[in-house]
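Take a look at the structure set out below.
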């Protein structure tokens, strides 16, 4: 009898986690999905109204602002972070032997909360007392840098803060990838007379493709989930000009008593994340099987 | 053989300078936070953000810690600092322990559906939490844990276990299966093998898991802001409230001091055990 | 004390049948070796005996008790693994005593056992070290010590010597043999090295594709192989297989254009079989330079061309061709030198121990 119990032990141990996961991840997703098809406002009301909430969502100008912002933010954030991360990794890889200190400096922003990041940059970009004043004091009295309070430019401040926070991580990924490149490949290129630039362009970077993909996936994941940073840096403002889907969902589900609409926006966010993650995971796991 | 020509030396010097300039840029915000926190209000208004403080005025710090207003209350960040501690420590201990056992099962005791379970867990690491915010609120209310510290601990454990399981499972698959077979022949059962064979080998991954969880939970804002109430908020929520509450003139030095206080624990952890932190990031992320 | 009966054992992994009905009767105290090429199922069979793998059907009995459904712990079996599988965080002495700890043996008894085992294997000076601080040979001893300390009914050895260098392997081989003599416990030993099998075993089970091809003493297996596979697998250099045309009760060897007739032991069977050709199996040591022999024995003189020679020390292997097949002969060093310089030699072919195989199925024709 005890032997039977012992054999079932692995399953028993995993059972709580499996159940919790079933309920708190997949079950909850289903609940939110169901809610998005109801009329719910302040409290869940199980009166089904089909796609009405989604129609309302995509007719909502504020949601469109959030989506546009997401696009702008994601593209810029990923492009700049990739560029910076790659550049720093390449510079570190070739030039410094003891890069521990520098790596620590580039990476430490990842250790702090997005709230701290937002708070710090909110001060740095403060119109009147921040960078604007600093540059003016340096002798450029007409310099203006008020992005934080300009509706068209507010989203770019979020890009700046996010890049500061996450580019170190991209650098770490690329550095690990660069260090993993087979030395003999580089030596062969040198024997063939390739210049440093060509060696990188034709030989090293192609080998780093999986790292690129990994970084893009992770960065876009961070971008879609961005909530903390927006709350602390701009609060979604001025007005709702720097809103992102995550802040939209929060405001409507909790402050504005629009649960159904909030749920619909959450489901759209999920769809966006899945569109990126699922193909990536599929190709990764399939590659591992062989 | 002399390999460095003058142009090579010059370009190397250029690149190093570039790296240093970037280093300064990355350190910039930290520098600004610290210097601003030690300045007086007048000094802030009249000076510029890059200037060093004239005198080291610590009043902003004591205000941030014990008397600044975070929304309705004016107790400073101190109570919320301890809230975060009371949330983080149990949550990371429980999620690490559960993750270790789960990783042990998934890596060494395959059963029908264990791979599927692992895939489902892995996928769960990526979902945007917006999709579970509302139903989780209902669950917490139903359990009577709404707006409580234990409630937040529960939430962080539930969603942290996916990550910790991933860490431990990826680590434990590296332990040779013959070791488990030898232990079984020696008469060790499921728990005995875990205790005598796996646990002694787990120090590196436990460190990674603890550091990762500490950072994630301490820095969390979303769960904090949704599932806490007045008095039970974590420090990130309190900081945000402090900065966005303007009673009278804005006190930037207090804001900055508060931000540094909120950032200190994870920064200290990072500086002390940074390489394990990096290992955790790249191991969890790159290997998927 | 440790007899093992394996009855109709089958084991499938999903759709693949790895063990196809194994029947083995291992006597108490016997040194049994499972030998075969990779993938033949010997390790799976070993793991099934240990209880580390479930069986699909069939029974395993130890001392008459059916242990098929028992856990490894309850079977009272100890195993030495190919990679030694020593617990990396435990000292040598704890590695040895761990199994006893798990069985709740009283501490003084554990200490005594560890001391005895360490003395037997000459590892007393290593007791406080960790596995990472030991050499390969030392780790091997500790792995054996761990098995010995348990005083089990059966020892299982899973290719324990394959990770050692050649010289150490020979040393450890004789140590294991001495240990078996001393303890008298049943040993089941897996190896892919047929020399190891021949030197250590009381009986050998030759396996291929999940089936036992032959089960017998080294002598039986070597001199009376059940089929072509066994004949080819055992023996180094390997047996010569020559396809010969059958002439009534004799076989035809063609060398350098000339034909020669060979008499074999069961020549009359050839007529019964009625085949046009058969495979003649004859070991290189039966093809030598002319030597004194008993009159009337099945001894022939046949010329052989020399394509190459391999001086091995005590003798020289000569390569030639008969019936368009490469053959190997064992010559004395002097004959080898002579043959190499002349490019040919007349060899003495003794067919008294030769065996015959069906040209299509490889089955024995004359057993």
Exercise. Taking the options B:173, B:210, B:149, name whichever one is under 27 Å from residue C:53 (Cβ atoms) and away from chain A (no Cβ under 11 Å).
Key: B:173
Quiz item: Of all residues in the range A:37-46, which are more than 18 Å from residue B:131 (Cβ to Cβ) and at pLDDT below 85?
Solution: A:41, A:42, A:43, A:45
Self-check item: Yes/no for residue C:24 being within 25 Å of the chain's Cα centre (by Cα) and surrounded by 22 or more Cβ atoms within 10 Å (Cβ to Cβ)
Solution: no
Practice problem: For the range B:70-114, name all the residues that are surrounded by fewer than 24 Cβ atoms within 10 Å (Cβ to Cβ), farther than 21 Å from residue B:221 by Cα and free of Cβ contacts under 8 Å to residues at least 40 places away in the same chain. | Solution: B:97, B:110, B:111, B:112, B:113, B:114
Practice problem: List the number of the failed condition for residue B:158; all other conditions in (1) touching a helix residue (DSSP H, G or I) at 6+ places or on another chain (Cβ under 6 Å); (2) touching a residue at least 40 places away in the same chain (Cβ under 8 Å); (3) more than 13 Å from chain C (Cβ to nearest Cβ) hold. | Solution: (2)
Quiz item: Taking the stated definitions as given, is residue A:229 in a helix (DSSP H, G or I), within 14 Å of the chain's Cα centre (by Cα) and touching a residue at least 24 places away in the same chain (Cβ under 8 Å)?
Solution: yes
Quiz item: Out of curiosity, is residue A:237 assigned to a loop (DSSP other than H, G, I, E, B), more than 10 Å from chain B (Cβ to nearest Cβ), without any contact (Cβ under 8 Å) to a residue 24 or more places away in the chain and surrounded by fewer than 20 Cβ atoms within 10 Å (Cβ to Cβ)?
Solution: no
Quiz prompt | Candidate set from the range B:227-249 (those that are within 11 Å of chain A (Cβ to nearest Cβ) and out of contact with any helix residue (DSSP H, G or I) (no Cβ under 6 Å at 6 or more places or on another chain)); member that is surrounded by the most Cβ atoms within 10 Å (Cβ to Cβ) | solution = B:241
Quiz item: Across the range B:84-121, what is the total count of residues that are within 7 Å of chain A (Cβ to nearest Cβ) and outside any loop (DSSP other than H, G, I, E, B)?
Solution: 7
Self-check item: The lone exception for residue A:208 - which of (1) within 14 Å of another protein chain (Cβ to nearest Cβ); (2) surrounded by 15 or more Cβ atoms within 10 Å (Cβ to Cβ); (3) closer than 30 Å to residue B:266 by Cα it fails
Solution: (3)
Self-check item: Residue in the range A:81-98 that is farthest from the other protein chains (Cβ to nearest Cβ), counting only those that are out of contact with any helix residue (DSSP H, G or I) (no Cβ under 8 Å at 6 or more places or on another chain) and assigned to a helix (DSSP H, G or I)
Solution: A:83
Quiz item: Looking at (1) closer than 18 Å to residue C:11 by Cβ; (2) facing chain B (nearest Cβ under 10 Å), which is the one condition that is false for residue C:95?
Solution: (1)
Practice problem: Six or more apart or on different chains, Cβ under 9 Å: which pairs go from a residue in the range A:15-37 that's within 8 Å of another protein chain (Cβ to nearest Cβ) and touching a residue at least 12 places away in the same chain (Cβ under 8 Å) to one that's outside any helix (DSSP H, G or I) and surrounded by fewer than 15 Cβ atoms within 10 Å (Cβ to Cβ)? Could you list them? | Solution: A:35/A:46
Self-check item: Filtered residues of the range C:200-225 (kept if surrounded by 19 or more Cβ atoms within 10 Å (Cβ to Cβ), in contact (Cβ under 8 Å) with a residue 40 or more places away in the chain and over 18 Å from residue C:46 (Cα atoms))
Solution: C:225
Quiz item: In the range C:98-139, which residues are closer than 17 Å to residue C:161 by Cα, more than 14 Å from every other protein chain (Cβ to nearest Cβ) and either in contact with a helix residue (DSSP H, G or I) (Cβ under 8 Å, 6 or more places away or on another chain) or surrounded by 13 or more Cβ atoms within 10 Å (Cβ to Cβ) (or both)?
Solution: C:121, C:134, C:136, C:137, C:138
Self-check item: Failed item, numbered, when residue B:23 is tested on (1) farther than 25 Å from residue A:84 by Cα; (2) under 31 Å from the mean Cα position of the chain (by Cα)
Solution: (1)
Quiz item: Looking at the range C:227-276, what strands (runs of 3 or more DSSP E) fall wholly within it and have at least 3 residues that are over 21 Å from residue C:288 (Cβ atoms)?
Solution: C:240-247
Quiz item: What do you reckon, is residue B:184 part of a helix (DSSP H, G or I), more than 9 Å from chain A (Cβ to nearest Cβ), surrounded by fewer than 19 Cβ atoms within 10 Å (Cβ to Cβ) and without any contact (Cβ under 8 Å) to a residue 12 or more places away in the chain?
Solution: no
Quiz item: Which condition number does residue C:55 fail, the rest of (1) within 30 Å of residue C:8 (Cβ to Cβ); (2) within 14 Å of chain B (Cβ to nearest Cβ); (3) touching a helix residue (DSSP H, G or I) at 6+ places or on another chain (Cβ under 8 Å) being met?
Solution: (2)
Practice problem: Please go through the range C:176-195 and pick out each residue that is closer than 21 Å to residue C:77 by Cβ and part of a helix (DSSP H, G or I). | Solution: C:176, C:177, C:179, C:180, C:181, C:182, C:183
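This table checks each residue for (1) modelled with pLDDT under 90; (2) in contact with a helix residue (DSSP H, G or I) (Cβ under 7 Å, 6 or more places away or on another chain).
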position	(1), (2)
A:181	yes, yes
A:184	yes, no
A:197	yes, no
A:208	yes, yes
A:214	yes, yes
A:217	yes, yes
A:248	no, yes
A:259	yes, yes
Quiz item: Is there a residue being more than 10 Å from every other protein chain (Cβ to nearest Cβ) and at pLDDT below 85 anywhere in the range A:99-115?
Solution: no
Exercise. Considering every residue within the range C:51-69, establish whether at least one is without any contact (Cβ under 8 Å) to a residue 60 or more places away in the chain and out of contact with any strand residue (DSSP E or B) (no Cβ under 9 Å at 6 or more places or on another chain).
Key: yes
Exercise. Please work out which residue is nearest to the other protein chains (Cβ to nearest Cβ), limiting yourself to the range B:195-207 and to residues that are closer than 27 Å to residue C:49 by Cα and surrounded by fewer than 21 Cβ atoms within 10 Å (Cβ to Cβ).
Key: B:196
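The values are calculated or read from the model by the stated rules, or taken from the named source; none is laboratory data. Fair warning: this is a prediction, and the values are worked out from it, not measured in the lab. Cβ coordinates were reconstructed from backbone atoms using ideal geometry, including for glycine residues, and neighbour counts include every protein chain displayed.
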